[in-house]
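Accompanying notes for the structure given below.
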Amino acid sequence: MTTDPSAETSFFGREAVLSILAKRLEAFQNGFRQNIGILGPPAIGKTSLLQEFFRRIPYSDILIVPFSCRESESFEHFAQRWMSEILFSFYRSSGKPIPTDFQSTLRSSIDVIPKTLRLMKSVKKLSQISRYSQAYRELLNLSEVLYKECGKKVLFFLDDFDRLADLPVDDPFSLLGSEIMIQKQTMYVVASSRLHEGRNILSEKMSLLFGNFEVIPLDSFGFEEARTFLENRFPDCCLSDQRVRYLLWLSDGRPFYLSCLTKERCLCPSANGRGIRDGLVAALVNELFRKDGSLHQFFKETLAGVARGRSRAFYGDVLYALALGHKKVTQISRFLHRKGNDVANVLERLLQAEVIERHGSMHVVSDVLFRFWLEKVYYRNRFLSERAPQAGEASFTEDVRQSLQAWVNTDGLDLPKRIEELFRKFHNDVLVYEGRRFKCPHFSEISSRPSNGRMFPVLAQNGKTRWLCQILSNTVTEDDVRTYLQDLKRLRNPVHKRMIVGIGGIDLNAKLLAKEAKIQYLDLRHLNFLMNVYDQPKFVL
């Protein structure tokens, strides 16, 4: 299994998920098998989680086979690595020294697991004559044959399993599913960074009569979890809530991003007088701008991976246009001076790779840090001469300082003012999110009263529609809904959209009262969806 970038430091958190995995493994030992699918975006820590689970497994009578699927790999190389991992895992479980190469491993195993080795030779022969589907089927059968020869159950970790689709094999997932059904002594734990594709494969292409997968979504760190993570890294520093919120917003709570951005104790004042803000700026410069930065390399690899031999520059340019706020095909086409069909084809490929999202007619780079890198770093490398002053590190550093100050200014605004800024971004758009349609009209007038002991609603209108939106930081109560209804009565003209935004949630009675009064309720997740689509800093609690 390849090393996860988020595993560069000691493992943190995910105890609930590790507990589930431990219980499923214990049940497997006792004769009940439940296969597991772990899904989460890139840099969320899936591989490091599996590695930590691998480290904690207390059983010596289980063969643990870690395997990671790779991009653009020949079937021959794929099969060779698969067989090597199985043999090395067999050696590890027996306590014997692992031979230095595959051939030595074969020679030393011939008297111990002869049937397994004969099947491996068959796989190689079939691969040499390009009978890949049959070779793949026999490759999948290896764990069952090995169990029968050595008597040990197999725990198979299959990372980035969605890449099996790249193999020159007819319907690789159905074949895998068929083998899983009959291999009762092999438990599979698969992982994927493509949430939608991974879920689709597990629910449709590998929907099994027996052995269905339990899907475990791996989410970003929340505020408290991120704070604990940072406190563990900097036990002697006093962390302000605002700095934690900034890092959580920029990193989207992804462990790898947080690890990279806090390598150099950026949250602690240094002995040479460097303040916390200077430390954050330095961390962003080192990681994003400099070519040896882990995040710089990670984003370049992301771009190369999605292009896959096609015009990397064109793919990068489309992503750059999205990062700048050109979110529709016509807008991108006009900005890049490229044909609409060419742009649409690239967008479709980016959607399939789940690098971007589409909501209605809008396309979004949802990863805030990747978006920042595209706008500030990719732009300089792609369009500016290296000798231009704007291309240098000093210019990028100033951009980072301005971006940080802009976030601080936004973070300090009252909640209604932030809603005003969001509404000003609407341009008669229709968005779709989780099956829910959002009509976002262009408003000609947006206003709110200054806070005076309470948060007053935001009034937004144009010639055709009128909205009244109340945003509340605490849990929405029945009294809040009644106060909102009183505000409605004071208005002379009718309101077409009644809306309450509850950052802290809503109690059941208030929800029922709002529904009865035809008030649309928007929770934090849906609000942050809108904030991200319109390039506004999300609310971080």
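What follows draws every value from the coordinates through simple rules; no lab data is involved. Predicted model only: the values in this text are computed from it and were never measured. Positions of Cβ are backbone-derived with ideal geometry, glycine not excepted, and every protein chain shown enters the neighbour counts.
Quick notes on this structure:
- Taking the centroid of alpha carbons for each part, the stretch 104-173 and the stretch 213-230 are 35 Å apart.
- Local electrostatic count at THR477 - Lys and Arg +1, Asp and Glu -1, tallied over other residues with Cβ under 11 Å: -2
- Estimated dipole of the stretch 415-533 in Debye, rounded to 20 [Cβ of Lys and Arg +1, of Asp and Glu -1, Cα centre]: 420 debye
- Using alpha-carbon coordinates, inclination of helix 114-128 to the longest axis of the chain, degrees: 70 degrees
- For the stretch 415-533: relative contact order, % (alpha-carbon pairs under 8 angstrom, 6 or more apart): 19 percent
- Calculated from backbone phi, Karplus (6.51, -1.76, 1.60) coupling profile of the stretch 480-490 in Hz, x at Gly/Pro: 4, 5, 5, 4, 4, 5, 5, 4, 4, 5, 6
- Net charge of Cβ neighbours under 12 Å - reference TYR534; Lys, Arg +1; Asp, Glu -1: +2
- Global geometry of the stretch 415-533, whether rounded, prolate or oblate, following the gyration tensor of its Cα atoms and the 1.5 cut on a/c: rounded
- Taking a straight Cα-Cα cut-off under 16 Å and skipping sequence neighbours fewer than 8 places away in the same chain, the aspartates and glutamates within cross-link reach of LYS339 are ASP317, GLU348.
- Partners for LYS263 among lysines (Cα-Cα distance below 18 Å; same-chain residues under 8 apart left out): LYS291
- Remark: HIS326, HIS496 ranked as HIS496, HIS326, counting other beta-carbon atoms within 10 Å and listing the fewest first.
- Given charges at beta-carbon only (K, R positive; D, E negative), |dipole| of the stretch 9-52 in Debye: 140 debye
- Contact order, relative form, for the chain: 11 percent (alpha carbon pairs under 8 Å, 6 or more residues apart, mean separation divided by residue count).
- The loop-placed GluC sites (Glu not before Pro) in the stretch 409-503, going by DSSP, that have at most 12 neighbouring Cβ atoms within 10 Å of their Cβ come out as GLU434.
- Dipole of the chain, positive end: most advanced residue of ALA321, PHE443, ASN286 [Cβ charges, Cα centre]: PHE443
- Think of it as helices only: each DSSP H run of n ≥ 4 in the chain is worth -39500 (n - 2.57), and spread over all residues that comes to -14500 deg cm²/dmol at 222 nm.
- Among the listed values [x] 47, 27, 25; [y] 38, 27, 20; [z] 34, 28, 22, the one computed from these coordinates for semi-axes √(5λ) of the Cα gyration tensor in Å is [x].
- Assigned charges on the beta-carbon of Lys, Arg, Asp, Glu; the chain dipole about Cα centre (debye): 1040 debye
- Neighbour cut-off at most 16 other Cβ (10 Å), DSSP loop, trypsin sites (Lys or Arg not before Pro), the stretch 168-216: LYS184
- Those lysines that a straight Cα-Cα span of less than 22 Å connects to LYS153, excepting residues fewer than 8 apart in one chain: LYS23, LYS96, LYS115, LYS184
- Prolate/oblate/rounded call for the stretch 12-82, Cα gyration tensor, a/c under 1.5 rounded: oblate
- 21 Å Cα-Cα threshold exceeded, pairs from LYS464/LYS538; LYS327/LYS425; LYS417/LYS497: LYS464/LYS538
- Positive-pole candidate from LEU524, LEU140, GLY45, dipole of the chain, charges at beta carbon: LEU524
- Counting only DSSP beta bridges whose two residues both lie in the stretch 451-539, roughly 25 percent are antiparallel.
- Each of the peptides 22-32, 521-531 was scored by the mean count of other Cβ atoms within 10 Å over its residues; in descending order, highest first, they stand as 521-531, 22-32.
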